[in-house]
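Below is one structure, written out as C-alpha cells; the observations come after it.
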2 protein chains.
Amino acid sequence: MEVELKELLNDLQSLKKSISDPSDLALIDKMHLHVENIATLEKSGTTCRSKVKDMSAEVVDSNPYSRLMALQRMGIVDNYERIREFSVAIVGIGGVGSVAAEMLTRCGIGRLLLYDYDKVELANMNRLFFRPEQVGMTKTDAAVQTLSEINPDVVLESYTLNITTVEGFDTFMSSLTNKSFRTTKSGSGVDLVLSCVDNYEARMVVNQACNELNQTWMESGVSEDAVSGHIQLLIPGETACFACVPPLVVASGIDERTLKREGVCAASLPTTMGVVAGLLVQNTLKYLLKFGQVSRYLGYNALKDYFPTMEMKPNSQCSNTACLERQKEYILAKPTRDAAAKAKAADSEALSVAENPVHADNEWNISVVDDDEVDGADVRNSGVLPEGIVHELPVADEYPKQPITEAVGPADDLEELRRQLEALNAD
Amino acid sequence: MEVELKELLNDLQSLKKSISDPSDLALIDKMHLHVENIATLEKSGTTCRSKVKDMSAEVVDSNPYSRLMALQRMGIVDNYERIREFSVAIVGIGGVGSVAAEMLTRCGIGRLLLYDYDKVELANMNRLFFRPEQVGMTKTDAAVQTLSEINPDVVLESYTLNITTVEGFDTFMSSLTNKSFRTTKSGSGVDLVLSCVDNYEARMVVNQACNELNQTWMESGVSEDAVSGHIQLLIPGETACFACVPPLVVASGIDERTLKREGVCAASLPTTMGVVAGLLVQNTLKYLLKFGQVSRYLGYNALKDYFPTMEMKPNSQCSNTACLERQKEYILAKPTRDAAAKAKAADSEALSVAENPVHADNEWNISVVDDDEVDGADVRNSGVLPEGIVHELPVADEYPKQPITEAVGPADDLEELRRQLEALNAD
C-alpha cells in the first residue's frame, strides 16, 4: 500500500503544477490531506518491530526477550539464546499446530517449517490463532503473515502440501533433510518434528519419515469429543514408534479414522487445544534447551483434570522395517551409551559436561533409562493401560499397509499402579 | 479509513469535471486506479464476520460455532448455546488473562468484563495474544480491538483502572453488581470472576470484593521462574477464601511480593501461561455449562509435568470478616442443602432435574461434599501440603491489613497421601 500512496502523492504534485484554477487547487490540497490521513492510519496498523541481532537480558519494556532471558537468571535454563540455533518442523497448522507455532515464534526459535494444505474457514474460529479476516487464505500463508508480524527474527518456511501424497511426501522428506540453516546432531536439517495432524494416515506418514531419517519427533492429538488429548515423544529405536503399539488417546476410544467423514463434525475447544499445544511446546523447550524432564507420554483428561503418564518401549515385532533398523542400531550402540553414561557420571562433579551429548541420537538431558527401574506411573509394553487411557483404535486393526501387532510384555506391578491411579482419579 | 477513501474519490470526480487538459485527465484516471487499489488492500485486511443471531449446529465451513455445538451431539454438554447468557469478569489482561479472554470470546461467551491499567510493551511479546503493533495501547483497548474482530457476538466491557486504588475498587464493585445484562443466581451481575493478576495485593482485593458480593471466583497464577502455575476455585463460605490459608503456589516458594520490584524481572513463557489459561477457561466452561468436574485446586509443575490437586475448607479463624459471614450463612443453609440433595437424589431417575440448582449459591453440578468423604488427593485445613506444593508466602506473613492465620486441622491420612504422590512424582 505504501507504493500506491507514494504514487498518489506524486500524481497530486504534478497535477498541482499543471493547473491554475484556485478552486481546483483547493481541491488538490484537500486530497493531499486525505492521502496523508490514509498514510497515517495505514502506518498505525502495521508498525512491526525491527529484527534484533542479539538476545539481550536487559530489563526494559522495549526488549522482547527480557522475560525469556530471565530464565537464565532464575537458574531454569543454562543458555537461553541457543534457541536461535534450532529448527522445528510443525506438520499440521490447525488448532494445536498453529498455537504451537505461535508459542515457538514468541520464544524466538531459530527456524520454523510449517506444513498444511488446508484453508482457513470460519468454522476454525472456535480455536486460537486464525482471525476471521484470514478466511480463504491457506493456513500456511495466514500463519506466515501472523508469525512474521509477531517476531521477524524467526526464519519461516511454509509448505502448502499434503504429506500423505507421493509428491507431498518427497517434498516433506527433502525439506527435513535440507541442512542450509544448520546441520543437526542427528544428521537431518531439523532438531525436532512436531506432529499436529488430525488423522491417522498423516501420523503414520510422519512416523515413516522420522523412522527413515532417525529423526526424534513429538506427536500430539485431541479426541473428537474435544475433552481429552495427549502428547508423546518418539525417539526411533529407543521408544515405541507409532506403528509399534496401537495408537493411544486418553478417555475417548472412538476410532479416529471415523473423523472427517462426510456430515460428521468433530467437536473442538480452544481450551483443550491450547493446553495440548502448551504441553507440547513446553516439552519441546525442555528437550531443546535441556532443562526439566521431557515427558514420554502425557495425557490430558479435561473432564477430571487428570494427566496420565507412561512409557512405551519399541516392539521387536513392529511392522515398520525402518523402526526395526533403528531398534537394531540402538541395541548395538548400548556399550557406547553405557560407557558415555559412566563417563558422564564420573565427570558430574566437573561443570563442563553439559554440552556433551550422551550419544549421537539422544540429545536430551534425561539419563539413559534402566530396564530395572520401574516407577509408579510407568507402563511398558503390556496390554494393560493405566486408568483413564484406552486404545484409540480397535485392537484388531486392519490398517492396510501397517498391520499393528499388539505389544507384548509382562504386566508387572500393574495392579498396584491401577489401584494408585484409581485412588487419584476417584469420583 | 473508509471515509477518507470515499472523500478522495468524490474529490477526484469533481476535479475531473472541472478540468479539460487530456494529460491532466489521464493523471486523474491513474489516481483513481491508485485509490481503488488502496481500497482493495484496505478491505482485504479488515473483513470481519457479521454478527450471528442463533448458534447453529450446521456442519458448514462458514459456521463459526459448528465445532462448539458439536459438544452437544457428542454428549459432553446438554445445552451449549446457554453460554450466551453468561457474564465473566477477567481481572488482569496479561499473559494469562488475555489468553483466557480470547478463549472465552472464541467460545462465544455472552459478555466479558475486562480490567487492567497497564499498557502493552514489547517486553510482553514472549506471551500469546498482544501484537507488536499494539505497543503503547492500553491492554484493555488492545484486547477489545482484537476480541471484537474475532467474535462480534460477544459483549465487551473494558475498565482501564487499578482495582487496588480506592476509586478503582468502587468502580470494580459497581461493575460487578451491574445487572443490565442479566441477573445471575448469586444476585450479582456476573456469573464468575477470573483473577489473572500478577501480585498479592490485587488478589486480596479480588478476594475482598468476592467475599462481600458472595461471588464465586477462580484464581490463577504463574511463578516468577515461569515453570509452575495453578488455578483455584473459591466459593465464599464453602471453600477457603484467599485469606483463609496462606496463598499457595506450586514448586516455587519465593515470596511473590518480591515481584515487579525495580530491576527485578520475572521470567515468563507463552507455554506455561497458555496451559494455565487453558486449564482456567476449561474449568470455567465446566462450571458454567455443568459438565465434568470443576477442579478446586489444580497445580502445574512444568519441569516434571506434574499436576497436584487438593481441596481447602474455610478457616473459622479467617481474618476476613466478609468470609466469616459467608461461612456462617453456609452452615445455616446446611438443612436446606441436605433436603435439596435428598430431593435431587430421589428425582435422579427422572430427567427433569438438571436445571434446578441444589441451592442458591451452588450453581455447579458437583454434589455437596460430605465431610466424611476423604479421597486420595484431598488435603483439608492441615498445615501439611502435598508433595510439589509449597507455601507461596512465608508462614509468618505480615501483610498489613489481612494478617493470615495458619489454618488448623488434623493431618489425617496425610502420610499415606504423601507416599502416593511421591510415588507418582518420583525422579
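Coordinate-derived values only; no laboratory data. Since we're looking at a predicted model, the values are computed, not measured. Ideal geometry is used to build each Cβ from the backbone, glycine not excepted, and the neighbour counts take in all protein chains shown.
Descriptive notes on the structure:
- 7 Å along Cα→Cβ, label-point gaps from B:Arg182 to other copies, nm, shortest first: 5.1
- Mean partner shielding of peptide A:148-160, defined as the number of other chain Cβ atoms within 10 Å of each residue Cβ, is 1.
- Measuring nothing but how far apart in sequence close Cα pairs (under 8 Å, 6+ apart) lie, relative to its length, the range B:54-151 scores a relative contact order of 22 percent.
- Tensor-based shape of the range A:1-126 (alpha-carbon gyration tensor, a/c under 1.5 rounded, otherwise prolate or oblate): prolate
- Ellipsoid semi-axes for the range B:103-157, based on the Cα gyration tensor and the rule √(5λ), read 21, 11, 9 Å when sorted largest first.
- Across the identical copies, how the A:Thr160 labels are spaced - nm, sorted shortest first, 7 Å along Cα→Cβ: 3.9
- Taking amide hydrogens as placed 1.01 Å from N in the peptide plane, the amide H of A:Leu194 sits under 5 Å from those of A:Ala89, A:Ile90, A:Val91, A:Met218, each at least 5 positions away in sequence or on another chain.
- Note that the range A:54-69 has calculated 3J(HN,Hα) couplings of 10, 6, 9, 9, 4, 8, 10, 4, 8, 9, x, 10, 4, 6, 8, 5 Hz, one per residue in order, obtained from phi through the Karplus relation 6.51 cos²θ - 1.76 cosθ + 1.60 (θ = phi - 60°); glycine and proline are x.
- Database remark: amide H of A:Leu269 closer than 5 angstrom to no amide H (H placed geometrically; neighbours at sequence offset of 5 or more, or on other chains; Pro and chain starts carry no H).
- With label points defined 7 Å past Cα in the direction of Cβ, position B:Asp78 shows copy-to-copy spacings of 5.6 nm, given to one decimal and shortest first.
- Cα shape, the range B:128-226, gyration tensor, a/c 1.5 rule: oblate
- Average other protein chain Cβ within 10 Å of Cβ, residues B:60-72: 6
- Peptide A:109-121, shielding by other chains (average Cβ, 10 Å cutoff): 1
- Cα-Cα over 30 Å, subset of B:Lys185/B:Lys313; A:Lys139/B:Lys290; A:Lys290/A:Lys328; B:Lys139/B:Lys304; A:Lys6/B:Lys6: A:Lys139/B:Lys290; B:Lys139/B:Lys304
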